[in-house]
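Comments concern the structure below.
Nothing in this text is a laboratory measurement; each read-out follows from the coordinates by a stated rule. A quick note: this is a predicted structure, and the numbers were derived from the prediction, not measured. In this analysis, Cβ positions are derived from the backbone assuming ideal geometry, glycine residues included, and neighbour counts consider all displayed protein chains.
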There are 4 protein chains.
Amino acid sequence: MENKIKVGILGATGSVGQKFIELLKDHPWFEIAELGASERSAGKKYIKAANWIMKEPLQNHVADMIVKECVPNFESKLIFSGLDSSVAGEIETDFANAGYFVISNSRNHRFDKDVPLMIPEVNADHLKLIESQPYAGGIVTNPNCSTIGMVLSLKPLHDAFKIKKINVVTMQALSGGGYPGVSSMDILDNVIPFIGGEEEKMESEPRKILGDIKDGEIEFENNISISAQCNRVAVIDGHLETIQVEFEKKPTKEEIIDVWNNFKAEPQELKLPFAPIKPIHYFSEDNLPQPKLQRDIENGMAASVGRLREDSIFDYKFIVLSHNTIRGAAGGTILNAELLKANGYLDKII
Amino acid sequence: MENKIKVGILGATGSVGQKFIELLKDHPWFEIAELGASERSAGKKYIKAANWIMKEPLQNHVADMIVKECVPNFESKLIFSGLDSSVAGEIETDFANAGYFVISNSRNHRFDKDVPLMIPEVNADHLKLIESQPYAGGIVTNPNCSTIGMVLSLKPLHDAFKIKKINVVTMQALSGGGYPGVSSMDILDNVIPFIGGEEEKMESEPRKILGDIKDGEIEFENNISISAQCNRVAVIDGHLETIQVEFEKKPTKEEIIDVWNNFKAEPQELKLPFAPIKPIHYFSEDNLPQPKLQRDIENGMAASVGRLREDSIFDYKFIVLSHNTIRGAAGGTILNAELLKANGYLDKII
Amino acid sequence: MENKIKVGILGATGSVGQKFIELLKDHPWFEIAELGASERSAGKKYIKAANWIMKEPLQNHVADMIVKECVPNFESKLIFSGLDSSVAGEIETDFANAGYFVISNSRNHRFDKDVPLMIPEVNADHLKLIESQPYAGGIVTNPNCSTIGMVLSLKPLHDAFKIKKINVVTMQALSGGGYPGVSSMDILDNVIPFIGGEEEKMESEPRKILGDIKDGEIEFENNISISAQCNRVAVIDGHLETIQVEFEKKPTKEEIIDVWNNFKAEPQELKLPFAPIKPIHYFSEDNLPQPKLQRDIENGMAASVGRLREDSIFDYKFIVLSHNTIRGAAGGTILNAELLKANGYLDKII
Amino acid sequence: MENKIKVGILGATGSVGQKFIELLKDHPWFEIAELGASERSAGKKYIKAANWIMKEPLQNHVADMIVKECVPNFESKLIFSGLDSSVAGEIETDFANAGYFVISNSRNHRFDKDVPLMIPEVNADHLKLIESQPYAGGIVTNPNCSTIGMVLSLKPLHDAFKIKKINVVTMQALSGGGYPGVSSMDILDNVIPFIGGEEEKMESEPRKILGDIKDGEIEFENNISISAQCNRVAVIDGHLETIQVEFEKKPTKEEIIDVWNNFKAEPQELKLPFAPIKPIHYFSEDNLPQPKLQRDIENGMAASVGRLREDSIFDYKFIVLSHNTIRGAAGGTILNAELLKANGYLDKII
């Protein structure tokens, strides 16, 4: 245990923070050493400060930790941030300036030009942006939960057949709205056809993620047209998305399935602890994937695709499902940290 | 009461049949006189034969009616059919041959070349197809429940700006699957991204509905590209659909809203009893319409639209909601019958 | 319109306040003239101050009213209070002292010895308590939403057969928790077996409601043992309760049903506008009443009972359903006001 | 693998049969060798015959098994039966007569005087009834899913303080109704206050389970009064029950908690593979246990209790939760088989 990297979690009482705690239990490389939250929680035992809503029971040694304020006086040099975006920007900058490595799930730094917006299977090469960062430490961010499944399923197709247009309609889970989030009175027997800011994120983030590094900077992928429509449905976990795609060169259905089935990237080669064995699982059944049935595949770290068929307006349409609080948030962030470590970026802080 | 037109209902024990019974209570023109169902039910009192699942209590005089077999020996010459498609085709033909006027919600005759596939606000002129029918009586059909809201919201736009492409993704209610329909174990905390045959109906029916009559036949509207993706969500009533549309001549947002707000057609001019005052209600709020909030607008007979915004792939995107068992099934069928009567087509049978 | 009694609503932006507004539309005796809410809302148009969550659209003339602070400078002398219990006590006292008649849905004054805890069909005679009140105006309160259905169904049985023990287990609707209330993440695919303070209310309120007036004071009904267990379930509206009851003198099943079917009280005799024609509807079907099917009976103002059967521990068990936000809150409060008016108690303020 | 006991599953395509298959994967003692189902399925590969609805993917070697008819020509001598009660009685008798050991989840033989109605932690001593059976093989049954959690939580209290009265109200999960079971249209936004036959089972089964063996026969525990009321709620898995109990000698709250916390029985001592380490988990939080949070405790094999408090009619009230398809059905049946094996009852068939 002594050899594990000590980790601090910012925003530890929120739903993303709690998911970090749940998922980091028994992590082979990282151990939770410090928890940060708002002034209101600081000074209290974690179990008193947090309203634990995860399914797995809270571990005793974490329950007893005294929550700290989110100021850069942590001993742990690796920081996971699940901070609310209303405060994340400044706090994360402060930590990075003070020499901490901040792996964030918040949106504030996503479009900083020297901050990787990272999906390890998609743009591991963006890590080198870190070298341009002005910080004594560093910052790496996670895309939005609804972006991750989409881009993960499209990346190998883009590499193989060059995508021109992406049209996506989402049916997103309640946990994506945080806790308490969506009122039960609003969603039972209902769909809410609006999620503030979500469509904009889905239309902009892929351009950075799929961009190429030129002269130390990311050249955004602006040749793809993207249109997103986002809806909230009465599902606890798992974002389901219908996707239509047009290619420069239309492949056959079999070629697409082959590309998905054979897709592996750096996290798989490095056998990172949180990396799914197969990042993309293809289902041939008419009615799969479904949130309740497939969201937990590969511990919630893989995307599931299905219903691939030709389209009369675009080239193909299909559906993709991914677990929004695991792959799409806390689990994705942990995988980012693993990628950093495997590439030596954490050497300076441990 | 004596002056009302006597009506027979085929498939009276099923969910569409029950909705006919519920909606026809107190109808100013029609009165339920006879009920037909399968052999298994025939000879029983309706209340014994049917598992009444409507919210409104069953009226006593209907409860006590003896269910008949679905053979053309009814006294009522106007027939509403909610028959299952496994038997509807032949039975409806038999009734029409025997001089009955069959207003059907089943799909079997929808693509018969001399049968109107009718949405009264959209293609009332198709009624004249009836004159080509070989039947002593006649047959008129209803489109699929997911088609109606879409076409109703698009028809005035097509008239004004000529539509070239329609892209639709649906989130459809449970009642669209009949009763008992979708298992609770399949849909609670879930979305089912597949409804058998539904996408094909949505891609084909609009071509007939929007077609023009040439030389006594419908010339299908084949210049529009249509792509549909259909999903089942945990909502009791009300199909919500995201729609993207491309026009020959892109209008402004205001022009579209004006067209919707001013849309009226023959049912409104004739003040048909089941006609909504405004067939299309536009909402400017970010998060409306929603199934639970707007499905019952104008007694479930109007479509609600909202979230109109420019699209980066098509010209515009918006959402439409309509009540699938009222406007999309039994209520739409009743409006069809009203249109027939108002145009004199029922004169020969009453 | 000029002859209607002008009404002010306190807590107008909350869910009970909104329900008052929805239900008072077209009321034959009362018209909404003023709206009060917290400082944060005061001075704004109601439509800007409130997040309207009722199903019926907000009426324009109410939407445009300027919200007032909850201080006793209203012109309307009849006040409906849906105030949060954190502030209701003092504000309601202030209004009553200043000569207003406050009909409250809040719990603060329920156990004041001179304040009626009123269910018009049950204890209309408690109205005379008002005469002992020290206020220039007056205060009348409503019981808790889960108490009302239970006591309404038990009152005629108590009169006829004298109840000794009441055992109740509730399955309560989400709307009872206010808005936003219960998080969707907590209740989807779940039951929450706890509602703070609810069991205590159900065990204490019936003692006052069923008490007799002796020498101008209520003698509590302390001869009945009451045990309550309260649960929250995924239902929008309608509290369902299983009830077991033991009598001094065990009646037959038929006697109980007769008592229920024949039950009428002062609101029915006075034909108060919000009074149900039959306060109690008995269902003989095995599986009724159900929240979704029966909650709206008599516009949500009647209780539905069913599954009456002998019990091996108590004398009988049965279930009761009542609409928690109508009969159990705003509608019940309005009926209280109607009873006051019909008995001349409002003469001094109009 | 060769040393495992080969097992046949009757009713293999139904939901209980599927759960057997899911749970027996990697069982240390048993391996699935044969599958039986109705004539309609017999002769087909299992994957073609069954509509697999479990969350865990179906194992390939089971998917490829050819389904047999349910006639006693199986090679496996240990038989798990998830047969529908319409056919289970006779088929199970046939197998037992032919020398098979049938561990059944069906209700048909539950009240045969020589058949144990078994909860291994409660009445392991009833196993010796088997010796009176006329069969070449034998039959052991499982109680109803709603009985198991209740009796498991009450057994140690009965041993310590002698129970006189049990009053139970259930909120039962959808999976208890089989598949497809409850229609989504019936349960969304609703509670169904009736489950056919369920209350009778809960009132009768505990008498046999808690009975003592006298002269080779069970003397039913008829000194306890039991009253049950059963409701279906919108929860996928996990029956929640409110229980009130009266003792001969009222213990303190702490004594009850101690008894629960220290409860262990034969399955724990024998360390049976499916035995929970602690059969009963006590929660001190106000609002626990909840179906979604605690149903999977100890792989779904333990009961969770909470909200223990004094009652004004009985001595105490509390809630109990148990997983209805694991502890309450397939998992309980497997534990029964393990108990049989550990006690040598299977020696004659292996």
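Modelled spin labels at C:N299 and C:E217, positioned 7 Å past Cα toward Cβ, are 3.9 nm from each other.
Plainly put, the tip 7 Å out from Cα toward Cβ on D:S312 is 2.7, 6.3, 6.7 nm from that tip on each other copy, the closest given first.
With helices as the sole contributors, chain B gives -7500 deg cm²/dmol at 222 nm; each DSSP H run of n ≥ 4 counts as -39500 (n - 2.57), and the sum is divided by every residue. Of all residues in chain C, the one whose Cβ lies closest to the rotation axis carrying C onto A, together with that distance in whole Å, is C:S184, 2. Out of every Cα-Cα pair that region C:57-119 contains, those further apart than 13 angstrom amount to 66 percent. When the Gaussian network model of chain B links Cα atoms closer than 10 Å, the mean-square fluctuations of B:D286, B:D296, B:D94 top out at B:D286.
Roughly how far apart, in whole Å, are the Cα centres of region D:196-251 and region B:62-108? Here the two parts' Cα centres lie 52 Å apart. Only Cα pairs under 8 Å and 6+ residues apart enter the sum, and on that basis the relative contact order of chain C stands at 18 percent. Of the trypsin sites (Lys or Arg not before Pro) in region C:246-340, the ones in a loop by DSSP (not H, G, I, E or B) with at most 11 other beta carbons within 10 Å are C:K249, C:K271. With the convex hull drawn over the C-alpha atoms of region B:84-175, the volume per residue is 115 Å³. Considering only beta bridges that DSSP places wholly inside chain D, some 45 percent are antiparallel. Between C:K113 and A:R40, the FRET efficiency estimated from the beta carbon spacing at R0 = 56 angstrom works out to 0.90. Each Lys or Arg adds one and each Asp or Glu takes one away; over the other residues whose Cβ falls under 12 Å from the Cβ of C:A160, this sums to 0. Going from the residue with the fewest nearby Cβ atoms within 10 Å to the one with the most, A:F220, B:F30 rank A:F220, B:F30. Exposure proxy shown here: for D:H61, D:H239, D:H158, the number of other Cβ atoms within 10 Å sets the order, fewest to most, as D:H61, D:H158, D:H239. Quick one: work out the % antiparallel among DSSP beta bridges in the protein assembly as shown, nearest 5. Here the share of antiparallel DSSP bridges comes out near 45 percent.
Along its three principal directions, the equivalent ellipsoid of region D:244-350 from the Cα gyration tensor extends over semi-axes of 30, 16, 11 Å, largest first. Per-residue Cβ neighbour counts within 10 Å put D:K77, B:K348 in the sequence B:K348, D:K77, beginning with the fewest.
In this calculation the C-beta distance from B:N261 to B:W52 is compared with R0 = 41 Å, giving a FRET efficiency of 0.55. Compactness of region D:1-89 was expressed as the Cα radius of gyration divided by 2.2 N^0.38 Å, which yields 0.98. Take B:E56, push a point 7 Å out from Cα through the beta-carbon direction, and compare it with the same point in every other copy: 1.9, 5.1, 5.4 nm, smallest first. Just how far, in whole angstrom, is region A:279-304 from region D:299-350 if you go by their alpha carbon centroids? Here the answer is 33 Å between Cα centres. Decide, for the protein assembly as shown, between rounded, prolate and oblate: order the square roots of the alpha carbon gyration tensor eigenvalues as a ≥ b ≥ c, take rounded if a/c falls under 1.5, and otherwise choose prolate if a/b is larger than b/c, else oblate. In terms of gyration-tensor shape, rounded.
The simple Förster model, with R0 at 51 Å and r as the Cβ-Cβ distance, assigns A:I277 and D:E69 a FRET efficiency of 0.80. For the residue pairs C:K292/D:K55; D:K162/D:K264; A:K155/A:K317, the C-alpha atoms sit more than 20 angstrom apart in C:K292/D:K55. All distinct Cα pairs of chain A go into the 1/r average, and the inverse of that average, the Kirkwood radius, is 20.4 Å.
A:P134 label point (Cα plus 7 Å toward Cβ) to equivalent points in the other copies: 6.8, 8.4, 9.3 nm, shortest first. What's the longest bit of chain A with no exposed GluC sites (Glu not before Pro), using DSSP loop states and at most 12 other Cβ atoms within 10 Å as the test? The segment A:76-247 is the longest one with no such site.
Counts of other chain beta carbons within 10 angstrom of each beta carbon in peptide D:171-181 average 4. Beta bridges from DSSP with both residues in region C:158-269: antiparallel share about 60 percent, rounded to the nearest 5.
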